[in-house]
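> Structure incoming, see below.
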Number of protein chains: 2
Amino acid sequence: MTASDGLHPATEDIRLPTVLAALADPARLATVQTLAQVGESACTQLQEAAGLSISRSTFSHHQKVLREAGIISVRIHGTQRLLSLRRTDLDACCPGLLDAVTSARADSPQPV
Amino acid sequence: MTASDGLHPATEDIRLPTVLAALADPARLATVQTLAQVGESACTQLQEAAGLSISRSTFSHHQKVLREAGIISVRIHGTQRLLSLRRTDLDACCPGLLDAVTSARADSPQPV
């Protein structure tokens, strides 16, 4: 993904401070760490796999923040919203960052 | 630095979401990127080297956020406050993160 489609920022518009701010929330960090493990996932399955006991609307908000920061891509397939990491685009913006945050030890306080 | 001295968190208390939140501000990110280049520095010289046109009190606030997140260490030498990166402690918490953020391309909007 290079050019913006109105929903996702173009690769060259991904900014490190925005990416860091999006990742700084424990629930969003758990979402990204889980996506790195399981690959493209439907919302509901992803939320469950990430162990996030939050409302659907809160999870939707977190998805929006991650999407607008350029961290995740969302595509519609039938009735499902499928989420995946924009690994190539993130590696262009900030090489090594995604690997660092997804391999970090998971001893942070549980997201709520 | 392992145990907390009341000013700096102990290594085991450094949390990835807190580190990411501290780094998400452009002025703090520039401070950390500059410290990675120049090594331990006095406040005034560091602010100048980082190109930060902000008040001394705002820069002090940023230092406090970075210190409380476990990213920088502050020591007093005579009349100077010397700042340095806690690289070893950060690498224990989140391997590769510091390298990723300090080597990222510097095309973010200028901090103000």
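The values are calculated or read from the model by the stated rules, or taken from the named source; none is laboratory data. Values in this document were obtained by computation on a predicted structure and should not be read as measured data. Every residue, glycine among them, receives a Cβ derived from its backbone with ideal geometry; neighbour counts consider all protein chains shown.
> Looking at the stretch B:8-36, which of its residues are over 17 Å from A:Ala100 (Cα atoms) and free of Cβ contacts under 8 Å to residues at least 24 places away in the same chain?
Listed by number, the residues that qualify are B:Ala10, B:Glu12, B:Thr34.
> May I pose another question? Have a look at A:Thr11, A:Thr2 and point out the one that is modelled with pLDDT under 95, on the phi < 0 side of the Ramachandran plot and surrounded by 15 or more Cβ atoms within 10 Å (Cβ to Cβ).
A:Thr11
> For the condition in contact (Cβ under 8 Å) with a residue 40 or more places away in the chain and not small (Gly, Ala, Ser), what is the one hit in B:Ile72, B:Ile76?
B:Ile72
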